[in-house]
Amino acid sequence: MIGPSKPCSYMFLSEVYILARRFYGGIHPDDGKRLASGSAIETLPAPGQVIIPMSMHIGAECSPTVAPGDRVLLGQVIGESSAFVSAPIHATVSGTVAAVEPRLHPNGRKVMSVVIDNDGQDTLHESVVSHTAEVEADPSALLDIVKNAGIVGMGGAAFPTHVKISSGLGKVDTMIVNAAECEPYITADHRVLLENPEEVLSGIHLLRRLLGLEKAYLAVEANKQDAIKLLSSLIAPGSGIEIRVLKTRYPQGAEKQLIQTVTGRQVPPGGLPADVGCIVFNDFSCWSVNRAVKTGLPAIERVVTVSGPSISKPSNFRCRVGTPISCLIEAAGGFSGSADKLLMGGPMMGNAVYSDEVPVIKGTNAVTVLPEAMNLSREEPGCIRCGRCVAACPMHLQPLYLYAYSVKGEARELDRLHVTDCIECGCCAYACPGRLQLVQAIKNAKVLVKNKK
Ligand code: SF4
Ligand code: SF4
C-alpha cells in the first residue's frame, strides 16, 4: 500500500490512500464510461404500469400479499416471505393491482409478478414514516428498518442486506463500501457519489454504527477523480470513513478481489467475506439505508445507466423498480446504428435479454446496448492452448479445462477444479483468442456439479 506520505497526483487528499496491492489476473477493457459519466441523473416519471417480480434478491421468492383489483399505496408491502434469507417487496407507485401473474424477468424466465396500474398520485402508505434520532442510535431498530425496507445488495448480487448484517454482527472488524464500479459503461454509482455524496456518507455512518465498527473504507477506482475529490472534501479527518483509491482494473469491484486489494486478506475458496472479518456494501445500498431511515421509503427506486455504442443518448436515470426497460431506452433517445444485443447490466457480467419489456429490478444498475460488430462469437471456436484465460482469471482457475470438462459433462473433474469458485466475471472469455463461450460453459458446469451432489 502506498500511503499519503508518498508524493503523487492524489496528494490533495489527506485521508486518501492509493492502493497498489492488487489481485491476480484481471483485464483492462475499454471502459466506455466516457459515454455516460458526464450525464447527470435524470428522474424518470413513473410509468403508467409497473411490473414488480416477486424475486429480486438471492434467497426465497416472496409470495404476493395482494390480489387483482386491490388498491395499493406507495411503499406498501406487496410480497413477503417467512424465510430468513429473503427481502420484502413494496409497491413502487400507488394505484390498482391489474394482475398477479408470471411475467418475463431479467433472468430470462417468467416469474410471479404484481402488475400495478399507476394512478399518478404517489399516495404514501401509512408505514412510510421517517425515524427519530433515538431510533437511529439503536442498532436493533436500525436493523429492523433495513429489513423492513427490503434493501438488498445494489451492486448486482442482490443479497438481502439485513441478512448480511445479521451474519456479520460480532464477526467482522472491517467494513468496505464498494464504489469501484469496474464494469465497462456503467456510471450509475459514479453519478450517485457526485450528486448525493452526503446521503451515501450518512448511510455509511448508519451501517458502521449498526455493526459497532470504528472505521469504514470507501473504495473507489482511480478513474473517478471528481468523485474522489468531492468526497474527500466532505469527509472530516477522524470521522471514521477513509477513502481507498483502487487501480482501474476489471474486476476490481468483485467482492473477494476488493477485499484483497483493500485489506490484503484472502477469502478462502467457498468462503464468505465474514470469514476474514470483512463486510462489503455497495454505495447505493448505503444511499438506500439512509433514505429508509430518514424518510421511511423502502427500496422502490434505482439509478440505472443506459449506455453502450448503440444508444442514442447514453444517460443515467433514477426510476421506479418495475419500470419496463423500454421506457428507459426511449428516454435515452432509442437505439442507434445496428443495435444487436440488449443486456441487463454491463457487457462483462450482464444478462442478454430478448425483450425490452423486462422491468428494472432492485439489482439493476445498467442497460447496455451493443452493436452487431461487437458480437465476437464465431461459428467454429477452438482452443489454441495459449493460456491467456488462466492468466486472466482472478480466481486462479483453469477456464480452458473447465470448458473442456463442461462440454464432456464430467462433473467430478469440474468439482475437483473448483468450478463453483468461478465468479462469472468474463475475464477468460474476454482474453480468449479462440472465442470460446467460456462463461456459458462454466455456468452449465456449475449446474452439472450441483445436480451431482
Ligand atoms: S469467468 Fe470464472 S473462470 Fe472465467 S475468469 Fe472469471 S472467475 Fe475465472
Ligand atoms: S484463452 Fe482460449 S484459446 Fe487460450 S487456452 Fe484459454 S480457452 Fe484456449
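How large, in Å, is the stretch 49-118 by the Kirkwood hydrodynamic radius built from its alpha-carbon pairs?
One decimal place: 11.9 Å for the Kirkwood radius.
Using a Cα-Cα cut-off of under 19 Å, which lysines could be cross-linked to LYS215, ignoring same-chain neighbours fewer than 8 residues away?
Straight-line reach from LYS215, under 19 Å: LYS164, LYS171.
In vacuum, with every alpha carbon of the stretch 301-374 counted as one equal point scatterer, what does the Debye formula give for log10 I(q)/I(0) at q = 0.20, 0.26 Å⁻¹? Two decimals, please.
Ignoring solvent entirely, the Cα scatterers give -0.72, -1.26.
Got a sec? Charge dipole of the stretch 130-278, +1 on Cβ for Lys and Arg, -1 for Asp and Glu; which of GLY212, GLN266, VAL146 is way out at the positive end?
About the Cα centre, the residue reaching furthest to the positive side is GLN266.
Order 225-231, 244-250 from most to least packed using the mean count of other Cβ atoms within 10 Å.
Result, highest mean Cβ count within 10 Å first: 244-250, 225-231.
Please express the shape of the stretch 219-327 as an equivalent ellipsoid: the semi-axes are the square roots of 5 times the eigenvalues of the C-alpha gyration tensor, given largest first in whole angstrom.
Value: 27, 19, 18 Å, ordered largest first.
Take every Cα-Cα distance within the stretch 250-398, group them into 5 Å bins from 0 onward, and report for each bin the whole-number percent of pairs it holds.
2, 8, 13, 15, 14, 15, 14, 11, 5, 1, 0, 0
By average Cβ neighbour count within 10 Å, what is the ranking of 137-147, 151-161, 264-274 from highest down?
The packing order, highest mean first, is 151-161, 137-147, 264-274.
When ranked by the protection proxy of mean other Cβ atoms within 10 Å per residue, highest first, what sequence do the peptides 358-367, 401-410, 332-341 form?
Top of the packing list down: 358-367, 401-410, 332-341.
Based on the alpha-carbon gyration tensor of the stretch 116-236, what equivalent-ellipsoid semi-axes (square roots of 5 times the eigenvalues) come out, in whole Å, largest first?
25, 22, 15
In whole angstrom, how long is each semi-axis of the equivalent ellipsoid of the stretch 157-305, when you take the square root of 5 times every eigenvalue of its Cα gyration tensor and sort them from largest down?
Semi-axes from the Cα gyration tensor: 21, 19, 16 Å.
For the chain, give the magnitude of the charge dipole about the Cα centre (Cβ charges: +1 Lys/Arg, -1 Asp/Glu; no others), in debye to the nearest 20.
1560
I need two numbers for the stretch 32-151: Rg to one decimal and Dmax as a whole number, Cα atoms only, in Å.
Spelled out, the Cα radius of gyration and Dmax of the stretch 32-151 are 16.4, 45 Å.
Taking the Cα centre as origin and putting +1 on Lys and Arg beta-carbons and -1 on Asp and Glu beta-carbons, what dipole magnitude results for the stretch 26-171, to the nearest 20 debye?
Approximately 580 debye in magnitude.
Which of the lysines could be linked to LYS446 by a straight reach, that is with a Cα gap under 23 Å, when you skip same-chain ones fewer than 8 residues away?
Once the sequence-local lysines are set aside, what remains near LYS446 is LYS110, LYS256, LYS408.
Compute for the chain: radius of gyration divided by Kirkwood radius, i.e. Rg/Rh, restricted to C-alpha atoms, rounded to two decimals.
0.95
Over the Cα atoms, compute the radius of gyration (one decimal) and Dmax (the largest Cα-Cα distance, rounded to a whole number) for the stretch 388-452, in Å.
Calculated on Cα positions, Rg and Dmax stand at 10.4, 32 Å.
Hey, what number do you get for the chain at 222 nm if only DSSP H runs of n ≥ 4 count, each worth -39500 (n - 2.57), divided across all residues, to the nearest 500?
So the calculated ellipticity at 222 nm is -8000 deg cm²/dmol.
With helices defined as uninterrupted DSSP H runs, which ones in the chain have an alpha carbon span along their own long axis of at least 15 Å and mean Kyte-Doolittle hydropathy of at least 0.0?
Both cut-offs are met by 197-211, 438-452.
Every number in this text was worked out from the coordinates using simple rules, so none of it is lab data. Keep in mind it's a predicted model, so treat the numbers as computed, not measured. In this analysis, Cβ positions are derived from the backbone assuming ideal geometry, glycine residues included, and neighbour counts consider all displayed protein chains.
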